[in-house]
Amino acid sequence: MTILFKILSVIGIILLVLLILLMWLILMPRHFWVEYSKRDGLILQVNIGLYRFTLYPVPAFMRKKADTAKDKSTGKAEEKKKNPLENIQFSFDLIKQVVSSAKGIMKRVFRAIKFRDVSFTVPVHSNDVHATQKMYGAVTNSFYSLSIFLQKHLQIYFKSPVFVADFAGRYSDAVYFYSKITASPVLLLVAAYYAYTQYTLIINNYTKADNAPQKEI
């Protein structure tokens with residue numbers, strides 16, 4: 001019976017872990033929306049589960065809670081936290097390691113995040129008609145050349161990019177931007193774990209020490 005109870009307890013723990021993982025995957029935000037216009041300003045939204053919530057402008061009840069927490073913390077002395085980077089021995093090898101780590105982190109982050117349905121309206125205006133026409137051509141050619149790179153390497157997909165040759169300066173209020181951002185929770189977790197391991201390696205290998213030999217990464 002003791003062995004049976006142990007087996008059942010192990011199965012129960014495994015099921016609990018799987019349930020927590022499933023709930024995390026369901027509740028973890030996967031979709032974000034960014035929208036901007038001159039009339040409405042910046043709007044940030046996120047979905048949690050089946051619902052969409054506005055992050056910015058900050059809802060009134062969240063502002064109220066933040067103000068209350070700030071009032072409670074007023075007058076309390078904050079303890080000075082030790083900065084783990086203050087004892088780092090800077091060197092050319094450290095710079096190379098930081099650049100390599102940053103490259104690996106960004107590669108994993110952009111693998112986890114995709115920018116979908118990117119739409120914008122950008123008026124192009126200058127002092128005179130000929131300068132506006134010249135600027136419009138340069139901006140559109142540069143954008144369509146850059147968009148190929150963005151779609152291939154950064155997973156940014158455009159839906160309706162619009163540049164307006166604003167010869168008369170009448171469309172200054174027509175600036176608009178919209179994007180839907182999809183994120184993979186699992187790949188973001190992998191990116192976060194990679195970033196943590198790289199940070200730990202850098203702290204351990206390049207911390208100042210009188211007699212500690214430097215480790216190789």
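Observations on the structure shown:
- Counting lysine pairs in the stretch 100-167 whose alpha carbons fall under 19 angstrom apart, excluding pairs fewer than 8 residues apart on the same chain, gives 5.
- The length gained on full extension between Asp93 and Ile148, counted as 0.36 nm times the residue separation minus their Cα-Cα distance, comes to 16.4 nm.
- In this structure, the amide hydrogen of Ala165, modeled 1.01 Å from its nitrogen in the peptide plane, lies closer than 5 angstrom to those of Val124, counting only residues at least 5 positions away or on a different chain.
- Net length gained if the chain between Val139 and Phe167 were fully extended (0.36 nm per residue, minus Cα distance): 8.6 nm
- Fully extending the segment from Thr200 to Phe110 would add 30.2 nm, taking 0.36 nm per residue of separation and subtracting the current Cα-Cα distance.
- Each of Leu189 and Lys64 was given a label point 7 Å from its Cα along the Cα-to-Cβ line. The distance between the two points is 3.6 nm.
- Once the Cβ-Cβ distance of Phe53 and Thr182 is raised to the sixth power relative to R0 = 25 Å, the FRET efficiency obtained is 0.95.
Quick note: the coordinates plus some simple rules give every number you see, no bench work behind them. Values in this document were obtained by computation on a predicted structure and should not be read as measured data. Note: ideal-geometry Cβ built from the backbone for every residue, glycine included; neighbour counts use all protein chains shown.
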